[in-house]
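To start, the structure under review is shown below, and the notes come after it.
Readers should treat all values here as calculations from the given coordinates under stated rules, not as data from a laboratory. Please read all numbers here as calculations on a predicted model, not as lab measurements. When we count neighbours, we look across all protein chains shown, and the Cβ atoms used for this are built from the backbone with ideal geometry, even at glycine.
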Amino acid sequence: MVSLLDIIGPVMVGPSSSHTAGACRLGLLARCLVGGTPERARIELHGSFARTGEGHGTDKAIVGGLMGFRPDDERLRTSLEIAEKEGLDYKFEKTKLGEEGAVHPNTARISIERGGRTSVMVGSSLGAGRVLITEIDGYPVEVTGNYHTVVLVAEDIPGSVARIAGVLAEHHINIATLRLTRKERGGDAFMVIEIDDVPDERVRDELRALSWVKWAFRLEKVSA
C-alpha cells in the first residue's frame, strides 16, 4: 500500500528525504543509545550516502539528529557549526559495509560515546524519511522508529521476558512487538520492545534495576 507520505514525503528541511530526513532520524535514534547528545561520534557512510551525501546534506542531517534536531528543524542547515560550538567531536569516513545489493545504498554505521557509554548502530534510510536500524552493538535488530522503543541487554535466563513485560504492564504500557536476539544460550540477550505509549524514566530505571539487566535505553518515535 502506498501512503500519502510516500508520495509527498515528510515535512523536512531539504533537499532529499532519503539523504536528509532519513539521515536525521538515524542520528536521533543513535543519540538515544547513549542517553543524549554524544561527546564523540564516528560516522561511516556507505554507498550513495558516501558518494553524494555531502552534497545532499547527509552530514548535516546526521549530526543534527545526534544533537536532537528533528527533520523540520531549520538548525539542520548549520548543524556542523553548532556541533563544533557545543563540543561534539565528530568525524565522517567513507566505507563499504557489504557487497553491492547486500546492503542498502543509503546506510551509515554510527559509533558514539557519552559519559563512558559507547554504542555502535547500523541503519539505513529507505526513502520518504523512513529508516531501518539493522544492528545495535553487534546484535541484528529491526527498529523502524515508528514506535516508542525500549532496547536492553540482559542475561539469557528463564522468565526474563515475562518479568520485563510485567514491568511494562504495571505502568499500563502496551507492547506492539517484542524481538529477542541472542548469540548463544545462557549468554547475553538483546531485546527490542516496540510499545504504544511513551515510557518515562521510572520504567527505564525499573528495568535497569533488575539484577540481570546490563543496560536499557529508550528510543524515540522518530516517524511523523
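Out of the residues in the stretch 70-111 that are β-branched (Val, Ile, Thr) and out of contact with any Ser or Thr (no Cβ under 6 Å at 6 or more places or on another chain), which is nearest to residue 223 (Cα to Cα)?
Here the residue is 110.
Residue by residue through the stretch 69-111, note down the ones that are closer than 19 Å to residue 140 by Cβ, hydrophobic (A, V, I, L, M, F, W, C) and in contact (Cβ under 8 Å) with a residue 40 or more places away in the chain.
97, 103, 108, 110
On the basis of being farther than 26 Å from residue 65 by Cα, surrounded by 14 or more Cβ atoms within 10 Å (Cβ to Cβ), in contact with an Asp or Glu (Cβ under 9 Å, 6 or more places away or on another chain) and among the β-branched types (Val, Ile, Thr), does residue 161 make the cut?
No; evaluated as a whole, the condition is false for this residue.
Given the conditions (1) in contact (Cβ under 8 Å) with a residue 12 or more places away in the chain; (2) closer than 22 Å to residue 32 by Cβ, report the number of the one that residue 209 does not fulfil.
(1)
Condition test on residue 138, is it on the phi > 0 side of the Ramachandran plot, surrounded by fewer than 17 Cβ atoms within 10 Å (Cβ to Cβ), among the small types (Gly, Ala, Ser) and in contact with a strand residue (DSSP E or B) (Cβ under 8 Å, 6 or more places away or on another chain)? I'd like the intermediate steps shown before the answer.
Details: on the phi > 0 side of the Ramachandran plot: yes; surrounded by fewer than 17 Cβ atoms within 10 Å (Cβ to Cβ): yes; among the small types (Gly, Ala, Ser): yes; in contact with a strand residue (DSSP E or B) (Cβ under 8 Å, 6 or more places away or on another chain): yes.
For residue 138, the condition - on the phi > 0 side of the Ramachandran plot, surrounded by fewer than 17 Cβ atoms within 10 Å (Cβ to Cβ), among the small types (Gly, Ala, Ser) and in contact with a strand residue (DSSP E or B) (Cβ under 8 Å, 6 or more places away or on another chain) - is met.
For the stretch 144-155, state whether one or more residues are touching a residue at least 60 places away in the same chain (Cβ under 8 Å) and aromatic (Phe, Trp, Tyr). Give the derivation first.
So the first thing to find is which residues in the stretch 144-155 are touching a residue at least 60 places away in the same chain (Cβ under 8 Å), and the list is 144-154.
Going one step further and asking which of them are aromatic (Phe, Trp, Tyr), we end up with 147.
Yes: the stretch 144-155 contains one or more residues that are touching a residue at least 60 places away in the same chain (Cβ under 8 Å) and aromatic (Phe, Trp, Tyr).
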